[in-house]
Amino acid sequence: MSIETVSGRAPQAAPSSAKWIVATLAALTLWGLVYSQLPAFSEWLARSLPVQPDSQLGAAIAFFAYDTPKVLMLLALVVFAMGLVRSFFSPEKTRALLAGKREGIGNVLAGGLGILTPFCSCSAVPLFIGFVSAGVPLGVTFSFLIAAPMVNEVALGLLFALVGWKVALVYLGFGLGVAIVSGWVIGRLHLEHWLQDWVRNLRTTAADLQPQRLSTVERIKAGIEAVHEIVGKVWPWIIAGIAVGAFIHGFVPAGLLTSAMGRGAWWSVPAAVLLGIPMYSNAAGVIPVVEALIGKGAALGTVLAFMMSVIALSLPEMIILRKVLTIRLIAVFIGVVGSGILAVGILFNALFH
Amino acid sequence: MKDVKVLGPGCKRCLTTAAMVQSEADKLGVPVKIEKVTDYAAIAGYGIAATPGIVIDGKVVHAGGLPKPEDLAQWLAA
């Protein structure tokens, strides 16, 4: 994340904006210093407790004491960077970009913009209607709506923090792939007549809004606001997730999960996807558990498929979408996205040994 | 009397936005009538893609996220 590019675009660099940039750089440096001292801190904490360090309880405590600050710090950094980048995007701009786009290229664009466009979850229905009624093709709209929750900053930040940047990148690529292909398939099926009638008949013209010009300071503030809001909301989930992960790490014998979730069991990926559909948790609660499962021999593709299924296909979302989609269209949506996730899991298990 | 409509399905941000409009109007001494529009079709009819949206005297001035207080003051004073 480079601060320089952002400041270069500022209309004018007022003295207060220089102060903000210096303060941000100072905060980032401090972040780096604290982060580099975390392993030493967790070792010191684990040793100062009256527990045998090599006992099961000791292993669980060390895992918890190291992971909690590490995850929260990395998450804050990723969320801040995303908040800053997203201040350059808005649903209105995205809609203007996507309106009238052909399928194919439109799906690719929509997947990418789904990651970058900020919108709160209660905006999902207005956004859907706003897109479709302004001439964004149905399949392209779906690509956007699938990418947005699946490849979110919390999922990416946590995977990066806990499982490593390679897996985070693979998740990003496969998540985008599922969103693009699923949206394209839904578009090819020409299911516009399965929208609710009132949505299909609605034609609107985009509101003529003054484009907001944000200063560098306002973008930094947007990043801080994102950290405050998102990390403030998900931290109990993360701590709960890490506690479960710590338990698995310390007490579940290695190899126990290999038979059920390992690469050998062909049925494990479909089972993981099916299990994930009715489950609803945000990425924050799932990923620390995912990390511990991988450590105990679960296959990565199976675990990623489970995670995507939990995050991208959720019951509350279906209930909200029911207002604009018919049951049949929702069923197609679940079927297409579920198959995509299934393919990703099987492919991943086959490719990475 | 300014006619202000807050567009949004009734989530927390929409309620906060309505409260912000009221408090800013009180501060400026501008009389306002605030109406919450929660019907999805009606919201879409204003041509916005993100909520909360703000409509003042029939004109859409804001869509998506909480408005800035200084912007609110400007819209209400206009």
Next item on the list: Using only the alpha carbons, work out the radius of gyration and Dmax of the protein assembly as shown in angstrom.
Entry: 23.4, 73
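Would you compute, from DSSP H runs of 4+ residues alone, the mean residue ellipticity of chain B at 222 nm, taking -39500 (n - 2.57) per run and dividing by the full residue count, rounded to the nearest 500?
Working: 3 runs with 32 residues, N = 78.
One gets -12500 deg cm²/dmol as the mean residue ellipticity at 222 nm.
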Next item on the list: List the residues whose amide H sits under 5 Å from the amide H of B:LYS2, counting only those 5 or more places along or on another chain, with H placed 1.01 Å from N in the peptide plane.
Entry: B:VAL32, B:LYS33
Next item on the list: Would you compute the Debye intensity of region B:2-77 from its alpha-carbon atoms alone, equal scatterers and no solvent, and pass along log10 I(q)/I(0) at q = 0.17, 0.23, 0.24 Å⁻¹ to two decimals?
Entry: -0.53, -1.00, -1.09
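With 10 angstrom as the radius, rank A:GLU153, A:GLU317, A:GLU43 by how many other C-beta atoms surround their C-beta, starting from the fewest.
Details: A:GLU153 20, A:GLU317 17, A:GLU43 14.
Fewest-to-most ranking of A:GLU153, A:GLU317, A:GLU43: A:GLU43, A:GLU317, A:GLU153.
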Note to self: Between A:LYS221 and B:ASP57, how high is the FRET efficiency from 1/(1 + (r/R0)^6) when r is the Cβ-Cβ distance and R₀ = 25 Å? Nearest 0.05.
What the structure shows: 0.25
Item checked: For A:126-134, mean number of other protein chain Cβ atoms within 10 Å -> 6
Margin query: Given contacts defined as C-alpha pairs under 8 Å and at least six residues apart, what's the relative contact order of region A:42-201, whole-number percent?
Written below: 24
Notebook entry, point to check: Hey, if you put +1 on the Cβ of every Lys and Arg and -1 on every Asp and Glu Cβ in the protein assembly as shown, which of A:GLY223, B:GLY53, A:ILE248 ends up farthest toward the positive end of that dipole?
Noted result: B:GLY53
Note to self: Relative contact order of chain A, please, whole-number percent, based on alpha carbon pairs below 8 angstrom and at least 6 residues apart.
What the structure shows: 20
Margin query: Quick check on my link table: of A:LYS233/B:LYS27; B:LYS2/B:LYS68; B:LYS33/B:LYS59, which ones sit more than 26 Å apart, alpha carbon to alpha carbon?
Written below: A:LYS233/B:LYS27
Notebook entry, point to check: At q = 0.09, 0.10, 0.20 Å⁻¹, what is the log10 ratio I(q)/I(0) for region A:87-217, with the Debye formula run over Cα points and no solvent?
Noted result: -0.28, -0.34, -1.15
Check: Assigning unit charges at the beta carbon (Lys, Arg +1; Asp, Glu -1) and nothing else, what dipole magnitude in debye, to the nearest 20, does region B:2-77 show about its Cα centre?
Finding: 120
Check: Over region B:2-77, what is the relative contact order in whole percent, taking alpha-carbon pairs under 8 Å and six or more residues apart?
Finding: 40
Notebook entry, point to check: What percentages, rounded to whole numbers, describe P(r) for region A:109-153 computed over all alpha carbon pairs with 10 Å bin width beginning at zero?
Noted result: 30, 62, 8
Checklist line | Electrostatic dipole magnitude of the protein assembly as shown [Cβ: Lys, Arg +1; Asp, Glu -1; Cα centre; debye, to 20] | finding: 480
Check: Which residues does a label at A:ALA343 reach in region A:293-331, if reach means a backbone N under 11 Å from a point 7 Å past the Cα toward the Cβ?
Finding: none
Notebook entry, point to check: Taking H as built 1.01 Å from N, whose amide H comes closer than 5 Å to the amide H of B:LEU7, not counting residues under 5 places away?
Noted result: B:VAL37, B:GLY53, B:ILE54, B:VAL55
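Computed from the coordinates by the stated procedures, all read-outs in this text should not be read as laboratory data. Keep in mind the model is a prediction, meaning the values are calculated, not measured. Neighbour counts run over all protein chains shown; Cβ positions are idealised from the backbone, glycine included.
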